[in-house]
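These notes concern the structure reproduced below.
The values are calculated or read from the model by the stated rules, or taken from the named source; none is laboratory data. Values in this document were obtained by computation on a predicted structure and should not be read as measured data. Here the Cβ positions follow ideal geometry from the backbone for every residue, glycine too, while neighbour counts run over all protein chains shown.
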């Protein structure tokens, strides 16, 4: 079996402007932030981003890297609306396809199963159809004759996800309360990059762990990056909680100022800058 380990910078160097990029996690929970920061160090732009959005979307939007966003929400959880995303939307920086959470999920399922769409009840009778005029409906061919929304497949060129542990072959394991659909992001993408808190031997993934924690399978993964604290400042339970103080600083600081202090260097420079910032706090 091949060794798929690489660095964050090398992994994202294989991406390109104009791609459709999926980003796993949920809001401000287990986001692949080390990979997002590596992406910000490149000149890649004009992206279509597919995400249950959090600071991943906020940072890429603030940096002007998004052409189109497909999402159900963009939140920092403890801060309901991601402020840098909001600022970008208010100035009309990119196109938006905002759909119901269930519609988003079934769009992932459709892509993972190589279907062009899947029918769902979510969205019927709501403004989702009004704000997304390109959406279509389908009628059941059976005697019930029910009408459904035909949710298009959320097919992606690449996906970024972060898990607690992975092996060198690309098997990934989450140890927190929820998989956040990371497995579907990997299955729906042509190329999946998985970062993890720690790379372990394959045997360790199955030791004292329930099978349902091993949803990210090696056949869907192209690259593995060991990135301790790689979800910072989002949470990655049980390895680390959300850095609420730093998240608040991110949310309340003008983007240019935040980027200049924390994102001007590599990942080690980011970590050093975060430690220095915490050390300055009373």
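Some notes on this structure:
- For the stretch 2-48, filtering for residues that are assigned to a loop (DSSP other than H, G, I, E, B) and at negative phi leaves 19.
- In the stretch 27-45, residue surrounded by the fewest Cβ atoms within 10 Å (Cβ to Cβ) [restricted to those that are under 12 Å from the mean Cα position of the chain (by Cα) and within 16 Å of residue 195 (Cβ to Cβ)]: 29
- Pairs, first not assigned by TED's automatic domain parsing to the domain that holds residue 159 in the stretch 27-53, second outside any helix (DSSP H, G or I) and modelled with pLDDT under 95, C-beta under 7 Å, six or more apart: none
- Applying the criterion of at least 1 residues that are closer than 19 Å to residue 5 by Cα and assigned by TED's automatic domain parsing to the domain that holds residue 55 to the strands (runs of 3 or more DSSP E) found wholly in the stretch 135-228 leaves 156-166, 189-199, 223-226.
- Any hit, the stretch 85-106, residues being within 16 Å of the chain's Cα centre (by Cα), within 19 Å of residue 249 (Cα to Cα) and assigned by TED's automatic domain parsing to the domain that holds residue 180: yes
- Scanning the stretch 200-214 for residues that are over 25 Å from residue 37 (Cα atoms) and in contact with a strand residue (DSSP E or B) (Cβ under 8 Å, 6 or more places away or on another chain) turns up 204, 205, 209, 213, 214.
- Search result, residues across the stretch 255-282 that are under 23 Å from the mean Cα position of the chain (by Cα), part of a loop (DSSP other than H, G, I, E, B) and free of Cβ contacts under 8 Å to residues at least 12 places away in the same chain: 264, 265
- Complete set of residues in the stretch 215-234 that are in contact with a helix residue (DSSP H, G or I) (Cβ under 6 Å, 6 or more places away or on another chain) and either more than 30 Å from residue 263 (Cβ to Cβ) or surrounded by fewer than 19 Cβ atoms within 10 Å (Cβ to Cβ) (or both): 215
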